[in-house]
Amino acid sequence: MLSGLWRSLRSKSWLVDGPLIVLAWWVAFWLRFNLTVPRPYLEQALRTTPIALACMAAGLLLLRVPLQSWRYVSLADLRHLAVGVALGTLLTTAVVLGWRIDGFPRSVFLISGLLTLLLLASARATRRTQAEYNQTHTRPGVTQQPLLIVGTIDEADQALRTLKGVADWHVVGIASPRAQDAGRTLQGVRVLGGVNALHDLARAHQAATVLLASAPGEATRREVLMRWSGSGLNLLTLPTADELLRPGSTGKLRQVRLEDLLGRTPVQLDAAGLAGLFSGATVLVTGAGGSIGAELCRQVARLGVARLVCVDVSEYATYRLEQELRQAFPAMEGVYYTANVRELDRLRAIAGTHRPSVVLHAAAYKHVPLMETHNEIEALRTNVLGTLHAARVAGEVGAARFVLVSTDKAVNPTNVMGATKRLAEQMVQAVAAEFASTRFVSVRFGNVLGSSGSVVPLFTAQIELGGPVTVTHPDIVRYFMTIPEAAQLVLQAGLMGKSGQIFVLDMGEPVKIVDLARLLIRLSGKNEAEVPIAFTGLRPGEKLYEELLADDETTEPTPHPKLRVAKVASADGDVVRATETWLAAAGAAPDAAAIRGWLRERVPEYQAQPVRF
């Protein structure tokens, strides 16, 4: 408190504020008497000037106005200034009237207060304006490029605030999807017209670059991309909040990506609860080198874990993750193992050494066609046996939470991969009954944009080769979410889940894969005439659509709007014993038909479907 007061007294702002307060006091007398102040009142003004200065300074000090940064003064700062001036005016009025000066003009108090507020606010606004002008006009070697913003008034306002002080761009206008916005001005920038005239507006103002200010997933973004990509316009967007939080982020505008067009509103997390769970804790992540596993590592690292134990069978993936996390989180202790979750003793030794309080199990084989032929037993041993090992080890070391990353393909599965993930959920439920002190939960979600083995990297590579982009069926649809969103919801489910529960994520609306292909082609600056789309037919085990719940399942809501709990029958220890016995006797090369037959016994809803087109 005293240090703050001392800093306020020593502030250089008094060099400007002090003379302006005195000036306002004298000009108030001058205005009160119609620009000619009689001699008796001149004496009153002279006698009361020290009082006015001291009282106004006291009001400003109480609100800590002298500590404001003039260069970045905001409306909130000006409101504090107004309250400080009002307080100073009241103090001045009380002290001067307490002197009982005969005939003192009381209107001077109000006039001087208003003048003081006007002069002090003007000084701060002038300093900020000068700073912004210098920042955008005096950087050597920087040529400003004309920029057109696309978005509503509210969206454009946020974009303009973000662009303040950025020397690279000169905003020439706004194109709004709302007709009522036309002709309005915002921060000195005019709404030139609608989105349908975007190309003409850009050409008229010589703007080759367009900033999409609308939120991720908004129809305006898709409309602009599908209509105007390939027309010579460079489409940019603002970085997301998640990107701004990443170490090394520059905060600059970037090219539009697929997740910007299919994304949804940001996930709302229980920040306090997650921080309490992860801050200072030891966390073990299996499959840490994969797309979801690596993002889980990043998310928990941001939450302040003391030690992060990363396990992945891939040496290269583990190496890449180690390099990234060492640079981004140098204060965190990272431990990296190239181990396989199918080896119980090795996993038990790792967990026993570090005794994690949270285990996040993302290790799995997930590629449907690859697991459908020749690799069925591998899917069983990794997805089912590996999950059983990880869950048991978590219980043995007394972990508080165990979270299995599951999939929507576990619902009414038509392929081996989906059936093994459903069986993995049963393993987690069965182990949950053995270890009461550990909460075991599973989380189902759909496809993740840009994850390894997904359609996006495949389509991107095909587009680079000039096509064709191969889509299995014109009507095939999938649920999609971004990697950060999936990881955040996994953590949220792990925090709030009760042992044995299976969480279902709100995946939004399903997306046609052919529309996804068209968007990617447009993002590359080409069209379907240049890069054709070819339909190849459904692959073995592939469905036209994925479900998040089986037919005989229901869900119940949770406090989180994007998480629901699936009400399913719990598994017991019999399923674990039967699984271990069968896998031990299966040998190195079990018959594929025998594997499918056994899976149908353990997962009755598993039904292979004939290939359709």
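The values are calculated or read from the model by the stated rules, or taken from the named source; none is laboratory data. Note that the coordinates shown come from a computational prediction; the quantities given were computed from them, not determined experimentally. In this analysis, Cβ positions are derived from the backbone assuming ideal geometry, glycine residues included, and neighbour counts consider all displayed protein chains. Just so you know, the surface numbers come from the protein's heavy atoms only, side chains and all, with ligands and any DNA or RNA stripped out. Shrake-Rupley method; radii C 1.70, N 1.55, O 1.52, S 1.80 Å.
Hey, does segment 352-359 have a residue that's part of a strand (DSSP E or B) and among the aliphatic types (A, V, I, L, M)? Yes, the conditions are met somewhere in segment 352-359. Given the condition at pLDDT 90 or above, loosely packed, with under 15 Cβ neighbours inside 10 Å and in a helix (DSSP H, G or I), answer yes or no: does some residue in segment 21-28 qualify? Yes, there is a match, as at least one residue in segment 21-28 is at pLDDT 90 or above, loosely packed, with under 15 Cβ neighbours inside 10 Å and in a helix (DSSP H, G or I). Could you say which residue among 94, 52, 131, 45 is farther than 21 Å from residue 30 by Cα, part of a helix (DSSP H, G or I) and open to solvent by less than 60 Å² (accessible area, probe 1.4 Å)? When all the criteria are applied, what remains is 131. Of all the helices (runs of 4 or more DSSP H) wholly in segment 163-275, which have at least 3 residues that are at pLDDT 80 or above? Filter on segment 163-275 gives 198-204. Here is the figure for segment 328-347: residues that are farther than 17 Å from residue 295 by Cα and in contact with an Asp or Glu (Cβ under 7 Å, 6 or more places away or on another chain) total 1. Pairing each residue of segment 581-592 that is touching a residue at least 40 places away in the same chain (Cβ under 8 Å) with any residue that is surrounded by 12 or more Cβ atoms within 10 Å (Cβ to Cβ), provided the two are 6+ apart or on different chains, yields C-beta distances under 7 Å for 583/380; 583/381; 583/385; 586/377; 590/377; 592/376. Of all residues in segment 302-338, those that are under 23 Å from residue 273 (Cα atoms), aliphatic (A, V, I, L, M) and surrounded by 15 or more Cβ atoms within 10 Å (Cβ to Cβ) total 5. When 77, 102 are screened for being of a type in the set (Asp, Glu), surrounded by 15 or more Cβ atoms within 10 Å (Cβ to Cβ), out of contact with any Asp or Glu (no Cβ under 7 Å at 6 or more places or on another chain) and at negative phi, only 77 passes. Residues in segment 392-411 that are open to solvent by 10 Å² or more (accessible area, probe 1.4 Å), modelled with pLDDT of 95 or more and β-branched (Val, Ile, Thr): 397 alone. Candidates 583, 520, 538: the one that is in a loop (DSSP other than H, G, I, E, B), at pLDDT 75 or above and open to solvent by less than 30 Å² (accessible area, probe 1.4 Å) is 538. Only helices (runs of 4 or more DSSP H) whose full extent lies in segment 376-451 are considered here, and the ones with at least 2 residues that are within 20 Å of residue 539 (Cα to Cα) are 376-379, 416-432. Does residue 60 fit the bill of being in a helix (DSSP H, G or I), within 27 Å of residue 128 (Cα to Cα), open to solvent by less than 20 Å² (accessible area, probe 1.4 Å) and in contact with a Pro (Cβ under 7 Å, 6 or more places away or on another chain)? Against the criterion (in a helix (DSSP H, G or I), within 27 Å of residue 128 (Cα to Cα), open to solvent by less than 20 Å² (accessible area, probe 1.4 Å) and in contact with a Pro (Cβ under 7 Å, 6 or more places away or on another chain)), residue 60 qualifies. Taken over segment 176-215, the criterion of being under 12 Å from residue 151 (Cα atoms) and β-branched (Val, Ile, Thr) is satisfied by 191, 195, 210.
Every condition in (1) at pLDDT 90 or above; (2) in contact with a Leu (Cβ under 7 Å, 6 or more places away or on another chain) holds for residue 8 except the one numbered (1).
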